[in-house]
1. What is the spin-label model distance, in nm, from Leu63 to Arg94 if the labels are put 7 Å beyond Cα along the C-beta direction?
2. Using a Gaussian network model of the chain whose springs link C-alpha atoms within less than 10 Å, name the residue from Gly50, Gly65, Gly26 with the highest mean-square fluctuation.
3. Would you look at the GNM of the chain, springs on alpha carbons closer than 10 Å, and say which of Leu33, Leu76, Leu48 moves the most?
4. For Thr81, what charge total do you get from the other residues with a beta carbon under 14 Å from its beta carbon, if Lys and Arg give +1 and Asp and Glu give -1?
5. Which cross-chain or sequence-distant (5 or more) residues have an amide H under 5 Å from the amide H of Gly9, H modelled 1.01 Å from N in plane?
6. Apply the Karplus parameterisation 6.51 cos²θ - 1.76 cosθ + 1.60, with θ equal to phi minus 60°, to every residue of region 51-60 and state each ³J(HN,Hα) to the nearest whole Hz, in sequence, with x for glycine and proline.
7. At 1.4 Å probe size, what's the solvent-accessible area of Val24? Round to the nearest 10 Å².
8. If you roll a 1.4 Å probe over the chain with all protein chains in place, what percent of the accessible area is carbon or sulfur?
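The values are calculated or read from the model by the stated rules, or taken from the named source; none is laboratory data. From a predicted model like this one, the values you see are computed outputs, not experimental measurements. Quick reminder, even Gly has a Cβ in these numbers, built from the backbone with ideal geometry, and neighbours come from all protein chains shown. To get the accessible areas, we keep the full protein, side chains included, count just its heavy atoms, and leave off ligands, DNA and RNA. Shrake-Rupley method; radii C 1.70, N 1.55, O 1.52, S 1.80 Å.
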Amino acid sequence: PGWLLSPAGRPYLDSILHKNQRRVFGLLERPALPPALAVPIVTYKLFLAGRSGVGKTALVAWLGGTPVPPAHHETLGIEATTLFWPAKPRASGRPVLFQLHFWD
């Protein structure tokens, strides 16, 4: 559970942080890892749909580590957010980097 804060997981966490804040990546960007720490990237596209004003955009902002909008404003069209999350699954013992594309 605390792998990201351990000495083995800290370089992966540092690759997605900028000034102790989660770095915002574009659709074609990815974290820069040294060749010795290269890991497979597992990509998922998550489409959030629902009624207006229920918190879809706020959820994506919260997961991405960006400020949650203080007031409700309707999202026009689709907003795409890319989020990277390093993890070490128990079954494999080898770290992976999850690339989550949120479509809100």
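1. 2.6 nm
2. Gly50
3. So, out of Leu33, Leu76, Leu48, the one fluctuating most is Leu76.
4. Within the 14 Å Cβ shell, the charges total +1.
5. HN-HN under 5 Å from Gly9: empty list.
6. Listing the rounded values in order: 5, 5, x, 8, x, 5, 5, 5, 5, 5 Hz.
7. Counting only protein heavy atoms, the figure is 100 Å².
8. After summing per-atom areas, the C and S share lands at 62 percent.
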